[in-house]
């Protein structure tokens, strides 16, 4: 498995490839139709990635310049880079999260990770598809991950409003 | 004289005609408007919304008057008897735009408590934690199936033309059966057992089951009750001592969020057409809020959650403080969902938006 830098579109594409390879397991969980924005807070400012899920696969991934550029129906999963890093490393160390590193565990108290959104029903989609979203991030177990300095990420293409 | 009844004699006469080659075959051309329909399965399979298009996708504002179970879109022969059961004949009384979608999602996202929970990973817990888990499971086994009984009460009253709603509610009954089943199993599986029932919960259950009409019952159960329980399930996953409870709560959480989504969209659809009925919805929510707040008086409801939130009996006070945070989250999400449905509840809220443990301790 090729490694990737977190956060980057390449890293999320690697998870999307894992999802495609693992399609029978996702089919067992049921389809997932939602838009997730992952926000990584870094010293250089927030870094935003939009991941659109459709049925048993990822339909699109793009880096966003601003949250306002996200598709209207979305929820946001936001945390500092250190939290994301700890979660990913925990998933890699244990081939899945331990009891204290599931998405729900991290988001429920609103610290260290938060799920927000412009519309409560979109936030509810995070609860509705939770098993599938957890499995998506569990794919990180098979993606060797490096963590770039904020300046390095700034060179990546960013989707800006046309 | 025939040894059979007139009905049997008539049927035998008809069979004789068929044996002679005299067939009716009028049914073959009975529904020309509905003939020639096709649907293409997509990558997710053939969903309800893939076939409910064109002629078959037209959902009438008023359900058909024939009162039978004839499926929407078929030809109904004159003289077909009415079952005389349907009292919910207006679309707005039950409809939600996402009902078909949620049904498709529900049937594909089914799970089972027999093999989908890693029961072999149950661990022996300290007595205080096991008792708290068992009491929480007793509470949930008591309260969960109201979300099966309530739809069951109304299902046979819903006009058959609104089958998307009926199918979704049927899937919800199955979801709730699974919830009752899985919480009972957890209580009985790890050396503990069922604990104490909750008279306070029965007040809320009665309010749901005795609601004067379907929409108020739905607002109270789908949005208020299941919204609060959804947060409770998230809390259960957060506090779960083993992978077993974690899996149970995560799976239940997904089901509950579907039910909430239906409730919000139904209330929205209803209030857009009947804004004058908002007061009735407010009134039932008044009752629900009082009933759920009264639950905090019940030790068997609040204390086990505080023990789990604190990590043990010795930290029960810390756990109480953490529950205050959860309560605020429940109320916040409840108000936001009602806002989407078109009901500004905040000025009418009859319970505190948040509880300050510091203020209570002062």
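The values are calculated or read from the model by the stated rules, or taken from the named source; none is laboratory data. If you're wondering where the values come from, they're calculated on a predicted model, not measured in any experiment. Don't worry about glycine lacking a Cβ; one is built from the backbone with ideal geometry, like all the others, and counts go over all protein chains shown.
Of the candidates B:267, B:297, the single residue that is touching a residue at least 40 places away in the same chain (Cβ under 8 Å) and buried (at least 18 other Cβ atoms within 10 Å of the Cβ) is B:267. Considering the range A:97-114, and only residues there that are within 10 Å of chain B (Cβ to nearest Cβ) and under 16 Å from the mean Cα position of the chain (by Cα), the residue that is surrounded by the fewest Cβ atoms within 10 Å (Cβ to Cβ) turns out to be A:105. For the range B:227-248, the count of residues that are crowded, with 22+ Cβ neighbours inside 10 Å and over 30 Å from residue B:127 (Cα atoms) is nonzero. Any residue that is under 24 Å from residue B:260 (Cβ atoms), at pLDDT 95 or above, part of a helix (DSSP H, G or I) and facing chain B (nearest Cβ under 10 Å) - is there at least one of those in the range A:134-150? Checked the range A:134-150: at least one residue is under 24 Å from residue B:260 (Cβ atoms), at pLDDT 95 or above, part of a helix (DSSP H, G or I) and facing chain B (nearest Cβ under 10 Å). Of all the listed residues (B:96, B:152), the sole one being under 26 Å from residue B:268 (Cα atoms), modelled with pLDDT of 95 or more and assigned to a loop (DSSP other than H, G, I, E, B) is B:96.
Considering only the range B:225-309, give the helices (runs of 4 or more DSSP H) lying wholly within it that have at least 2 residues that are over 20 Å from residue B:136 (Cα atoms) and either more than 14 Å from every other protein chain (Cβ to nearest Cβ) or touching a strand residue (DSSP E or B) at 6+ places or on another chain (Cβ under 7 Å) (or both). Steps first, please.
Values: elements: B:226-239, B:243-273, B:278-294.
Qualifying helices (runs of 4 or more DSSP H): B:243-273, B:278-294.
When residue A:122 is tested against (1) crowded, with 16+ Cβ neighbours inside 10 Å; (2) in contact (Cβ under 8 Å) with a residue 24 or more places away in the chain; (3) within 14 Å of another protein chain (Cβ to nearest Cβ); (4) touching a helix residue (DSSP H, G or I) at 6+ places or on another chain (Cβ under 9 Å), exactly one condition is not met: (4). Considering every residue within the range B:270-281, establish whether at least one is closer than 30 Å to residue A:32 by Cβ and crowded, with 21+ Cβ neighbours inside 10 Å. The answer is yes; a qualifying residue exists.
Yes or no, residue by residue, for (1) surrounded by 10 or more Cβ atoms within 10 Å (Cβ to Cβ); (2) on the phi > 0 side of the Ramachandran plot; (3) at pLDDT 95 or above:
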| residue | (1), (2), (3) |
| --- | --- |
| B:2 | no, no, no |
| B:8 | yes, no, yes |
| B:30 | yes, no, yes |
| B:33 | yes, no, yes |
| B:36 | no, yes, yes |
| B:39 | yes, no, yes |
| B:45 | yes, yes, no |
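If the condition is being in contact with a strand residue (DSSP E or B) (Cβ under 6 Å, 6 or more places away or on another chain) and either in a helix (DSSP H, G or I) or surrounded by fewer than 18 Cβ atoms within 10 Å (Cβ to Cβ) (or both), then the range B:155-164 contributes only B:157.
Scanning the range A:62-91 for residues that are out of contact with any strand residue (DSSP E or B) (no Cβ under 7 Å at 6 or more places or on another chain) and farther than 23 Å from residue A:44 by Cα yields a count of 3. I'd like the residue in the range B:103-132 that is touching a residue at least 60 places away in the same chain (Cβ under 8 Å), more than 14 Å from chain A (Cβ to nearest Cβ) and part of a helix (DSSP H, G or I) and, out of all such residues, is farthest from the chain's Cα centre (by Cα). Selected residue: B:128. Does residue A:94 count as out of contact with any strand residue (DSSP E or B) (no Cβ under 6 Å at 6 or more places or on another chain), within 14 Å of chain B (Cβ to nearest Cβ) and at pLDDT 95 or above? Answer is yes for this residue.
Scanning the range A:24-43 for residues that are within 14 Å of chain B (Cβ to nearest Cβ) and closer than 17 Å to residue A:117 by Cβ returns A:32, A:33, A:34.
Among residues of the range A:46-65 being free of Cβ contacts under 8 Å to residues at least 60 places away in the same chain and farther than 30 Å from residue B:106 by Cα, the one that is surrounded by the fewest Cβ atoms within 10 Å (Cβ to Cβ) is A:46.
Against the condition under 29 Å from residue B:196 (Cβ atoms), outside any loop (DSSP other than H, G, I, E, B) and out of contact with any strand residue (DSSP E or B) (no Cβ under 7 Å at 6 or more places or on another chain), how does residue B:141 come out, does it pass? If you could, list the steps in order and put the result at the bottom.
On the way: under 29 Å from residue B:196 (Cβ atoms): yes; outside any loop (DSSP other than H, G, I, E, B): yes; out of contact with any strand residue (DSSP E or B) (no Cβ under 7 Å at 6 or more places or on another chain): yes.
Yes, satisfied.
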